Amino acid sequence: MATETKPFWGKKTYCLITGASQGIGRQIAIDFAQNIADNSSFFLLARNLEKLNETKSLMEAANPKIQVFCHSVNLSEPTGVELHKLITLSLTVFAQDPADYQQAVVVHNAGSLGDVSESAVEMRNVEKLDKYFTLNLYSVTILTAEFLKVFDIDRTKSEIVFINITSLCAVKPFPSMGYYCIGKAAREMYFSVLAEENKDLTVFSYSPGPVYTDMTDEIIANVESDEIKKTFTNMRDESKLLTTQQTVKRLVEILRDRSFTNGGRRDYYDEP
Ligand SMILES: NC(=O)c1ccc[n+]([C@@H]2O[C@H](COP(=O)([O-])OP(=O)(O)OC[C@H]3O[C@@H](n4cnc5c(N)ncnc54)[C@H](OP(=O)(O)O)[C@@H]3O)[C@@H](O)[C@H]2O)c1
């Protein structure tokens, strides 16, 4: 049953993390495993099962008192039925009922950059647009809906937390990054609306800053805008990109201190 007075990290938690096979998502999985209450359960999703299992091993080394279950899923082709079944399957694997947890958390981390060679006026291929927004927006709303069907707050009385991994690109336009900026802006607004409509949910968007991952390598390799290419190349060469450890440490602190507004956003560079 819910223990409202316990802080975020002190509660027995069910935590679903998307895109946990590498980069920021993998680090979130490891740091959350280190900080979470014993007997918590983690459900990791991404396409690459081998890399998810590597994340699982790193988590178990960090904390042997947790359960971790990995499943391969392509969030570019999500169906509500499949996602619902997967959440239910994870509970069967953990041998737990939703009401056995004091807290249920979803970290919506999976994401992609989109075609960074295309300018805004070139964004006219419906199939391509649809594919991008299916992964970066629609799968997020579908997973949230299915999660709330399983973790029915009225029945479980547990705290339900949605953490959206967002970007500066949600609030600031960057050339050649139309897909990414639009997707992040829409995704962030979805969570603000969710919070506005459901005062009993805990919801916030975390913007991790520029972090050295495959995604930043992809920007440097493929972005059409010379200005963006130069900015990211300089940041990489001058070691100014954050590490995944640095940014996730800040997320852990934000959750510890609950230093966010429900439905709002926090950036790595915001004042504590
Ligand atoms: N790096 C940065 O500077 C930065 C800055 C701000 C925000 N962010 C955000 O942080 C999040 C993580 O990014 P990252 O930098 O860690 O990038 P990354 O290393 O490219 O990781 C992306 C993750 O998303 C998963 N993913 C991609 N397509 C998927 C699909 N179709 N189905 C399921 N999972 C999929 C990938 O797993 P599989 O390939 O195994 O499917 C991977 O685990 C993203 O939302 C990104 O927008 C990153």
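Residues are listed down the side, and each one gets a yes or a no for (1) in contact with a helix residue (DSSP H, G or I) (Cβ under 7 Å, 6 or more places away or on another chain); (2) crowded, with 22+ Cβ neighbours inside 10 Å; (3) among the basic types (K, R); (4) within 29 Å of T13 (Cα to Cα):
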position	(1), (2), (3), (4)
F133	yes, no, no, no
K149	yes, no, yes, yes
C169	yes, no, no, no
S176	yes, yes, no, no
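Tell me which of these L75 doesn't satisfy, since it passes every other one: (1) surrounded by fewer than 18 Cβ atoms within 10 Å (Cβ to Cβ); (2) touching a Leu at 6+ places or on another chain (Cβ under 7 Å); (3) not β-branched (V, I, T).
(1)
Considering (1) assigned to a loop (DSSP other than H, G, I, E, B); (2) touching a residue at least 40 places away in the same chain (Cβ under 8 Å), say which one T88 fails and leave the rest.
(1)
Would you tally the residues in region 91-134 being outside any loop (DSSP other than H, G, I, E, B), touching an Asp or Glu at 6+ places or on another chain (Cβ under 8 Å) and more than 16 Å from the ligand (Cβ to nearest atom)?
4
Go through region 92-108 and give me each residue that's closer than 12 Å to F147 by Cα and over 20 Å from the mean Cα position of the chain (by Cα).
The one that is closer than 12 Å to F147 by Cα and over 20 Å from the mean Cα position of the chain (by Cα): P98.
Does region 34-58 hold any residues that are outside any loop (DSSP other than H, G, I, E, B) and either at pLDDT below 95 or surrounded by fewer than 24 Cβ atoms within 10 Å (Cβ to Cβ) (or both), and which are they?
Hits for region 34-58 are Q34, N35, S41, F43, L49, E50, K51, N53, E54, K56, S57, L58.
For region 61-83, check the following and say yes or no: at least one residue is basic (K, R), more than 19 Å from L143 (Cβ to Cβ) and assigned to a loop (DSSP other than H, G, I, E, B).
Yes, region 61-83 has at least one match.
Looking only at residues in region 92-110 that are in contact with a Phe, Trp or Tyr (Cβ under 8 Å, 6 or more places away or on another chain) and not β-branched (V, I, T), which one is nearest to G209 (Cα to Cα)?
Ranking the candidates gives H108 first.
Find the helices (runs of 4 or more DSSP H) located wholly in region 187-272 whose residues include 1 or more that are more than 14 Å from the ligand (Cβ to nearest atom), under 29 Å from K51 (Cβ atoms) and free of Cβ contacts under 8 Å to residues at least 24 places away in the same chain, and list them.
Fully inside region 187-272 and qualifying: 226-237, 244-257.
Assess whether P78 counts as being modelled with pLDDT under 95, closer than 25 Å to F191 by Cα, within 13 Å of the ligand (Cβ to nearest atom) and of a type outside the set (A, V, I, L, M).
Working: modelled with pLDDT under 95: yes; closer than 25 Å to F191 by Cα: yes; within 13 Å of the ligand (Cβ to nearest atom): yes; of a type outside the set (A, V, I, L, M): yes.
Answer is yes for this residue.
Count, please, the residues in region 219-258 that happen to be over 30 Å from Q103 (Cβ atoms) and among the hydrophobic types (A, V, I, L, M, F, W, C).
Looking only at that region, the number is 8.
The values are calculated or read from the model by the stated rules, or taken from the named source; none is laboratory data. Since we're looking at a predicted model, the values are computed, not measured. All Cβ positions, even for glycine, are placed from backbone atoms using ideal geometry, and neighbour counts span all protein chains on display.
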